[in-house]
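Take a look at the structure set out below.
The values are calculated or read from the model by the stated rules, or taken from the named source; none is laboratory data. For clarity, every value in this text was computed on a predicted model and none was experimentally measured. FYI the Cβ positions are ideal-geometry reconstructions off the backbone, even for glycines, and counts take in every protein chain you see. Side chains included, ligands, DNA and RNA excluded: accessible areas come from the protein's heavy atoms. Shrake-Rupley method; radii C 1.70, N 1.55, O 1.52, S 1.80 Å.
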Amino acid sequence: MTIPSLGRQTFLPFAPPLIGEEEIAEVVDTLRSGWITTGPKTKRFESEFTAYLGAPGSLALNSCTAALHTALVTLGIKQGDEVITTPMTFAASVNVIEHCGARPVLVDVESHTLNIDPSQIEGALSRRTKAIIPVHFAGHPADLDRLYESAGPDGIAVIEDAAHAVAARYKGRLIGSGENPVAFSFYATKNLTTGEGGMLTGNQEFLERARLVSLHGMSRDAWKRYDKGGKWYYEVLYPGFKYNMTDIQAALGLWQLKKLPEFQQRRRAVVERYTSAFADHDVLETPVERSDVEHAWHLYVLRLRLDALRIDRDQFIEELSARNIGTSVHFIPIHVHPYYRDKYGFTPESFPVAYSNYRRMVSLPLNCRLSDQDVDDVIEAVLDIVSTFRR
């Protein structure tokens, strides 16, 4: 039986964005400028993002999905190739492999970080393996050193899915600061948002080719054609895509990037409150942060020890909702979705670590709009459910 809300009287959304007057004014300035598609503010956002990361370069796109797809196409991934990735991710990470005509090869995850398990990659390699896509789950960097060891000297690319990992660090280095392709998301729920949007980082030679792929394969974008001194003539050099970011999106990103350190500080403060409240409860398993990384804390994924409860994960979420707490689940593993299940003959137990953890995980609210009272309300609701339904 669901208990009616005892404390909080209004619903707490899971992950609303925090947009200030600065972002609004920058968007208005863009609208009044007469240039609203890819132009000067997009270029500025690319430049400032590159400087923030200390990356070789950046390419602003309309989503992380576009960034991943562009990276694969730029690297020449095609039909008959194989790309290794994780089942514990959003569908986009795997869909883009299918879009290239390649075969996604799934590898199970580590039980503590829920990132791809490097110890299992060697067994998934074949002569067709052309790339590995590790996903920095929830903002915790994957074990990149071991992944690069697995990629070896044979030309296997590592394309990092950093949709959750802006501001994350691996062994002191910001994710996205290296030469390899890294894809970021600026979706509405992310640590830094442009509404919809993404960024691809990597070395300059790679990004020059990726820029061509991302905008119809054209030799000149609109800014180069229509700005003062621009030339109207262009050539299509490749049958590319329509993946560019607009200046309206970039206007949001410019201020969100400035505020990112403050955003991250607040996220970590909320995480510390949650972990302090939940760490000593044997019914709850709190997320980890390895000593050699800095977690971006895009998500706070709490895992339930179901053998100690009289309800399952879905009922736990219903109880939180009844107490006006919004939640989500990250993620429904790729291999149980009908398309991938049926095409590749997966069963839930094909990747037992991913599946068993999926059945007991719940993502709690974690965003910069949370007040201290909001955090108290989440903690109170979780502990009340634990107390009510423990065996």
Candidate set: the range 114-151, residues that are part of a loop (DSSP other than H, G, I, E, B) and open to solvent by 10 Å² or more (accessible area, probe 1.4 Å); chosen: the one nearest to Arg360 (Cα to Cα): Asp117
Test for Ala66: is it touching a Phe, Trp or Tyr at 6+ places or on another chain (Cβ under 6 Å), in a helix (DSSP H, G or I) and surrounded by 19 or more Cβ atoms within 10 Å (Cβ to Cβ): yes
Only one of Ala71, Ala51 that is touching a helix residue (DSSP H, G or I) at 6+ places or on another chain (Cβ under 7 Å), modelled with pLDDT of 95 or more, of a type in the set (A, V, I, L, M, F, W, C) and not in a loop (DSSP other than H, G, I, E, B): Ala71
Pick from the range 325-350, criterion touching a Leu at 6+ places or on another chain (Cβ under 6 Å) and part of a loop (DSSP other than H, G, I, E, B), ranking: farthest from Asn367 (Cα to Cα): His330
Within the range 317-347, tally of residues that are touching a helix residue (DSSP H, G or I) at 6+ places or on another chain (Cβ under 6 Å) and either farther than 24 Å from His136 by Cα or aromatic (Phe, Trp, Tyr) (or both): 6
Single condition Thr86 does not satisfy, out of (1) more than 17 Å from Arg127 (Cα to Cα); (2) free of Cβ contacts under 8 Å to residues at least 24 places away in the same chain: (2)
Tally, over the range 364-391, of residues that are surrounded by fewer than 14 Cβ atoms within 10 Å (Cβ to Cβ) and either among the small types (Gly, Ala, Ser) or in contact with a helix residue (DSSP H, G or I) (Cβ under 9 Å, 6 or more places away or on another chain) (or both): 5
Residues that are among the polar types (S, T, N, Q) and under 18 Å from the mean Cα position of the chain (by Cα), drawn from the range 250-268: Gln256, Gln264
Where Met199 falls short, out of the listed (1) surrounded by 15 or more Cβ atoms within 10 Å (Cβ to Cβ); (2) of a type in the set (A, V, I, L, M, F, W, C); (3) modelled with pLDDT under 95: (3)
Filtered residues of the range 157-173 (kept if closer than 18 Å to Asn203 by Cβ and either surrounded by fewer than 19 Cβ atoms within 10 Å (Cβ to Cβ) or in contact with a His (Cβ under 6 Å, 6 or more places away or on another chain) (or both)): Ala162, Arg173
Qualifying positions in the range 302-321 - open to solvent by less than 70 Å² (accessible area, probe 1.4 Å), touching a Ser or Thr at 6+ places or on another chain (Cβ under 8 Å) and more than 12 Å from Ser363 (Cα to Cα): Glu319, Ser321
Answer residue from the range 268-291, given it is over 19 Å from Ser387 (Cα atoms) and in contact with a strand residue (DSSP E or B) (Cβ under 7 Å, 6 or more places away or on another chain) and is surrounded by the most Cβ atoms within 10 Å (Cβ to Cβ) among those: Pro287
Residues of the range 165-200 satisfying the condition of being part of a loop (DSSP other than H, G, I, E, B) and farther than 24 Å from Thr38 by Cα: Ala165, Ala167, Ala168, Lys171, Gly172, Ile175, Gly178, Glu179, Asn180
Test: Phe263 is closer than 28 Å to Asn191 by Cβ, at pLDDT 95 or above, part of a helix (DSSP H, G or I) and among the aromatic types (Phe, Trp, Tyr): yes
Long-range neighbours under 6 Å by Cβ, at least six apart or interchain, first residue in contact (Cβ under 8 Å) with a residue 40 or more places away in the chain and outside any strand (DSSP E or B) within the range 152-164, second among the β-branched types (Val, Ile, Thr) and open to solvent by less than 10 Å² (accessible area, probe 1.4 Å): Ile159/Ile133
Unmet requirement for Ser321, which otherwise passes all of (1) within 23 Å of Thr10 (Cα to Cα); (2) assigned to a strand (DSSP E or B): (2)
Residue list for the range 325-343, restricted to those being without any contact (Cβ under 8 Å) to a residue 40 or more places away in the chain and either open to solvent by less than 30 Å² (accessible area, probe 1.4 Å) or of a type outside the set (A, V, I, L, M, F, W, C) (or both): Pro338, Tyr339, Arg341, Asp342, Lys343
Candidates Val362, Val386, filtered to the one that is of a type in the set (Val, Ile, Thr), within 17 Å of Gly7 (Cα to Cα) and touching a residue at least 12 places away in the same chain (Cβ under 8 Å): Val386
